[in-house]
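This report refers to the structure that appears directly beneath it.
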Amino acid sequence: MKNQNLNPWQTLSSEKIYENPWICLEEHQVINPGGGRGIYGEVHFKNIALGIIPLDHENNTWLVGQYRFPLKKYSWEIPEGGGSLDINPLISAQRELLEETGIKANSWQEIQRIHLSNSVSDELGIIYLARELNFGESRPEESEALTVRKLPFETAYQMVLNGEITDSLSVAALFKLKILILTDKLGG
């Protein structure tokens, strides 16, 4: 077995192609693991992706619906957003849940870390389960036109199985929570 920590790629040069407050795109001239020359595009994310599954005592959850510009279509998702790399991700997750749904939670549990598209980016996602919920008014950002929907967790899970939820962070979160429920490993 080969050393799994050994990098088989050789970088000949790197150039920053594009940058904005959220991402940086770099193009690398490389020699690939097979010895051939080529290019590799890499998207560096300047925030952590955060996903939250709010779950009440009756196993209801909340989804957020919005039109996603890159997809050119509407998307149902768990509450999610970005958190600065220099702020505790839990604090950012709490902010996102409140902004998008008006929900505050007294109990938080990290249930998954995930790399969202590791063939082209370094984006890290962290998924939290939020329980012991309190309700207020949502405060979405100017760029967000959101619909908030309360539904049984099982319905949200079925939406993944039916292909109605395709957002990767949401799919991973809902599958992970289903497994935790089935194996009785939720804790707290």
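Every number in this text was worked out from the coordinates using simple rules, so none of it is lab data. Here the structure is a predicted model, which means the values were calculated and not measured. Using ideal geometry, Cβ is built from the backbone for each residue, glycine included, and neighbour counts are taken over all protein chains shown.
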Exercise. Which of the lysines could a cross-linker span from Lys73 if the Cα-Cα distance has to be under 24 Å and same-chain partners fewer than 8 positions apart are dropped?
Worked result: Lys150
Exercise. Trypsin sites (Lys or Arg not before Pro), restricted to the range 150-188: which are DSSP loop and have at most 13 other Cβ atoms within 10 Å?
Worked result: Lys185
Exercise. Just Phe175, Phe153, Phe69 to compare: in a GNM of the chain, with alpha carbon springs under 10 Å, which one fluctuates most?
Worked result: Phe69
Problem set entry | Alpha carbon centroid spacing (whole Å) that separates the range 46-124 from the range 149-175 | 13 Å
Exercise. Using unit Cβ charges (K, R positive; D, E negative) and no other charged atoms, how large, in debye to the nearest 20, is the dipole of the chain about its Cα centre?
Worked result: 480 debye
Exercise. Cα to Cα, under 19 Å, and not fewer than 8 places away if on the same chain: which aspartates and glutamates meet these conditions relative to Lys16?
Worked result: Glu26, Glu27, Glu42, Asp122, Glu123
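If R0 is 41 Å, what FRET efficiency do you get for Asp86 and Glu154 from their C-beta distance, rounded to 0.05?
The computed FRET efficiency comes out at 0.60.
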For this session: Convert each backbone phi in the range 81-96 into a coupling constant with the Karplus relation 6.51 cos²θ - 1.76 cosθ + 1.60 (shift: θ = phi - 60°), then list the ³J(HN,Hα) values in order as whole Hz, x for Gly and Pro.
Result: x, x, x, 4, 5, 9, 10, 3, x, 5, 4, 5, 5, 4, 4, 5
For this session: Please report the Cα spread of the range 3-107 along all three principal axes, rounded to whole Å, starting with the longest.
Result: 57, 36, 25
Seminar exercise, completed: Counting Lys and Arg as +1 and Asp and Glu as -1 over every other residue whose Cβ sits under 14 Å from the Cβ of Lys16, the net charge comes to -4
Problem set entry | Long-range amide H partners of Ser121 with built H, under 5 Å | Val43
Exercise. For the chain, with the dipole built from +1 on Lys and Arg beta-carbon atoms and -1 on Asp and Glu ones, taken about the Cα centre, which of Thr61, His28, Gly83 lies farthest toward the positive end?
Worked result: His28
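What does the extension gain come out to for Ser121 and Ile23, with contour length at 0.36 nm per residue minus their alpha carbon separation?
34.3 nm is the gain from fully extending Ser121 to Ile23.
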Exercise. Under the rule of -39500 (n - 2.57) per DSSP H run of 4 or more residues, summed and divided by the residues of the chain, what mean residue ellipticity at 222 nm is obtained, to the nearest 500 deg cm²/dmol?
Worked result: -6000 deg cm²/dmol
Problem set entry | Proximal aspartates and glutamates relative to Lys178, as straight alpha-carbon distance under 12 Å, when same-chain residues fewer than 8 apart are discounted | Glu154
